[in-house]
1. Counting other C-beta atoms within 10 Å, which of Ser639, Ser18, Ser776 has the fewest, and how do the rest follow?
2. Convex hull over the Cα atoms of region 176-308, averaged projected area in nm²?
3. Taking only Cα atoms of region 324-366, what ratio of Rg to Rh do you get with Rh as the Kirkwood inverse-distance radius?
4. In Å, what Kirkwood hydrodynamic radius results for region 1-174 from the alpha-carbon pair distances?
5. Would you list Thr568, Thr833 from fewest to most Cβ contacts within 10 Å?
6. In degrees between 0 and 90, to the nearest 10, how far off the longest principal axis of the chain does helix 2-18 point, with axes built from Cα atoms?
7. Suppose a student asked you for the relative contact order of the chain, using Cα pairs under 8 Å spaced at least 6 residues apart; what percent would you report?
8. Relative contact order (percent) for region 454-520, with alpha-carbon contacts under 8 angstrom and 6 or more residues of separation?
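Coordinate-derived values only; no laboratory data. Please read all numbers here as calculations on a predicted model, not as lab measurements. Every residue, glycine as well, gets a Cβ built from its backbone with ideal geometry; the counts of neighbours run over all protein chains shown.
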Amino acid sequence: MVFTMFAGFWTDWLWYRSVHYSSVFSTMLWTKIGLFFVFGVLMAVAVGVNIWLAHRLRPPLSAMSMEQQSLDRYRMGIAPYKAWLLIAVTSLVGLIAGASAAGQWRTWLMWVNGVPFHQKDPQFHLDVSFYAFDLPWYRFLLGFGFAATILCLIAAALTHYLYGGLRITSPGARATAAATSHLSVLLGVFVALKAVAYWLDRYGLAVKSSDFKATDNWTGLRYVDANAYLPAKTILFCIAVICALLFFAALWRRTWQLPVIGFGLMVLSAILIGGLYPAIVQKFQVQPNEQAKEAPYVQKNLTATREAYGIDDTKVTEYSGRSATTDKTKLRDQVADTAGIRIMDPNIVSPTFQQLQQIRNYYGFPTNLDVDRYTGRDGKDQDTVIGLRELNLDGIPKNNWINDHFRYTHGYGAVAAKGTEAVDGQPVFTEKNLPSKGDLPRYQQQIYYGEKTTTYSIVGGPQKEVDYSDDAGEKTTSYRGRSGVDLDNPLNRAAYAVAFNEPQILYSGAIGKGSRILYNRTPKDRVEAVAPWLTIDGDAYPAVVNGRIQWIVDAYTTSNGYPYASRTTLGDTTADSLTATNNSRAVVAQQNQVNYIRNSVKATVDAYTGEVKLYQWDTKDPVLKTWMKAFPGTVQPRSAVSPSLLAHLRYPQDLFKVQRELLTRYHVTDAQTFLSGSEVWEVPHDPTNDSGSAVPPYYLSMKMPDQSAQAFSLTTTFTPNGRDNLSAFMAVDSDPRAADYGRIRILKLPTSTTVDGPKQVQSQFNSESAIAETISLLSRGHSKVEYGNLLTVPLDGGLLYVEPVYVRGGSLKFPLLRKVLVTYEGKTAFKDTLGEALDEVFGVQGSTTPPDTGTTPPSAGNPTVRQALEDAQKAVDAGKDALKQPGGPDWDAYAKAQKDLEAALKRAAQAQAEADKAGGGSKTAGGGKS
């Protein structure tokens, strides 16, 4: 058992040392040890001294009553063991108190390292740091004092009773003078602590949550708090001080009369002044004129909440919801300039990536892919859907300990596709194949750390690892990074054998010189471990940066002690239709209630070395500054962020979801409007599925009306409370290279007219007979229609809705883009491509050029190439015919046509390559699926 405890401690120390954050481990360890011993000893001494004092003040045996004589056998029984019993009791209470205090290491570090906010609360005019850093520690000390006093009181009373100082049934005095004095002092201490509690409760009103019809989780003082509870707490404080003095006076008077009277008066005062009086004020002063009475306090709550959640600079603009442009050609051409409409839904196409780019069964892609920006061949940034080909142990040929932990240890390569284009329903890959090749710069392709990598691996030793397989056969490698913990040391092997409950680690011959064990391999786990004071965003995403794959993790500093700012529960606020089906995207610390949040840290995790770097992002955040004082050297300055990394940072989704939830009420700045509830919005449910959860925010490049060019943005919509029409559109600039990064813009629709919201648009799609008939045809047999993200784009005063429609069925095990739904100002189109749908909606043909498929067709001069291309065209025609069968699409025939097409293109590419090799010509690209 001792070695098991040691193994847990030792492996933790080794891991922190391996990631170069041993200072975090040592700071937490010594803080916990210090708190454990200080408060454990204080509790043990307090209880021990009171037991010893009660024993010393015991009356002589001659004064014992008949009742006490019956306890004589107990006293005789414990007499030989009094010292040991005292040690046992004090040790037990000391251990419990020490363990409880050790759990307050965050509270202690924040109190001792706290820095000022330089903002004062509007009631007591104290710096916000008092409520965020000081008050929680004072409350802990107060709670510890109450616990110590109660335990001392119980221990002293039992000791006095056991040795005759207290009597229950005997005639005469119930307590000796010494016992009376002793217990009176302890009761006086208890009442004195109650006085301190009343005084702290005054400040606690500024961060107190209460029920209020204006909003859930109301925080701060209201009229009744400021005018009834606050004076009541002050009066009760004075009464408690007087009552405590009366208890202390029993040292000289040796009677309970005055203390008992004083205590009774305090209880009565608490009922009348602390309970009845505020109820009377609420009933007869507030309720008859609530809006006028509460308005000043609501205004304070509005200001504080908007500041605490970073939404105080939100720009709300009136938006007509109707286009005034009559030139449809001009309007049609504005679409490309307004937004790069993403028709590849990263939450739908993961199976498509899996089927087309998995290559080997032991690779896999995450359920939800990510959206990022990469420079295209035209030199411009383009929205890109990206995922990593991570290790999938369920797909290896045979599962055993060696294969699972030694041979198959990592994934390989990134796969990326254009977000705005598709060819024959398939993604247009800009990075593909194994090893991955394409438009991305060269990079280290092995992926030892990823979202799907949840088991440990032992690398670098005698056993070779499977790197990847291609047509030439299986390639092997040996890990050359310095990540992980060295297993050369027998002590380390024994510790990990115990910690992982795997005895083979101790004696396996596959472990030798150079062997290292890798674990804690998901990006979120690693960041959370090295910075346990941060709250981690639910979605880590990969980016190719300076020749490495880096996982980018957004992290937050939070507090629940911001005065007057309403609280929110992170787990509830960040839930949407994606987290409902994918728990790995849920925010860490789901049930944490907070009323202050900042995206203060950007973290990266190297997919090969596992190296964790923390960068200070919010340079003004006092909570981050406090933690940086507590853990010096762990967070790098913002200036350390390289330009190439900066290009891939973005505004985090979970913070955006928290802010949008608050903005459903706090977009207004006037207290009267807020109290009336006439401007309350809500986040609509996702209309594309049956989860019943909120619609997730979507990333896309778009231009808001006051912007001159497209910006990578995160967007969402709002509907009125209880209705389905659109009330507002919200977007935040998500590109940190832009001057407006983090600027929230809201387009507010007029209340006098109605504009269709997402649910109504989806209902229109489903109710139109022509569309419904086509959907029915597409979903016949074993086929399944899947709706992609319903994107909303402000366009010339109106709102353009675009939704890709995918079909998965027949012999195809992955979704293909088959149709695009578009609606604008009541006109709806359902076409094969986005361009065709836009042309129909606006009634004119766009002047845009067809998208580049990313491949160069092979030359047709070679007869073999020409014949292969003819076969490819036949396969394309056969595929189209299979989709247009009268009885519905023939998916088996379509799948056969796709195989024929792939084979024909492969023959064409091989023939062209042979011709180029023979003639010394340049090789042309080919062989990709059309």
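1. Details: Ser639 8, Ser18 20, Ser776 11.
Listed from fewest to most nearby Cβ atoms, that is Ser639, Ser776, Ser18.
2. Values: hull surface 36.0 nm².
Value for region 176-308: 9.0 nm².
3. Values: Rg = 18.4 Å, Rh = 13.5 Å.
With Rg and the Kirkwood Rh in hand, the quotient comes to 1.36.
4. Values: mean 1/r = 0.0501 Å⁻¹.
This gives a value of 19.9 Å.
5. Details: Thr568 23, Thr833 17.
Ordered by Cβ neighbours within 10 Å, fewest first: Thr833, Thr568.
6. 50
7. Details: 1734 pairs, mean separation 103.8, N = 930.
Value for the chain: 11 percent.
8. On the way: 101 pairs, mean separation 31.9, N = 67.
Relative contact order here is 48 percent.
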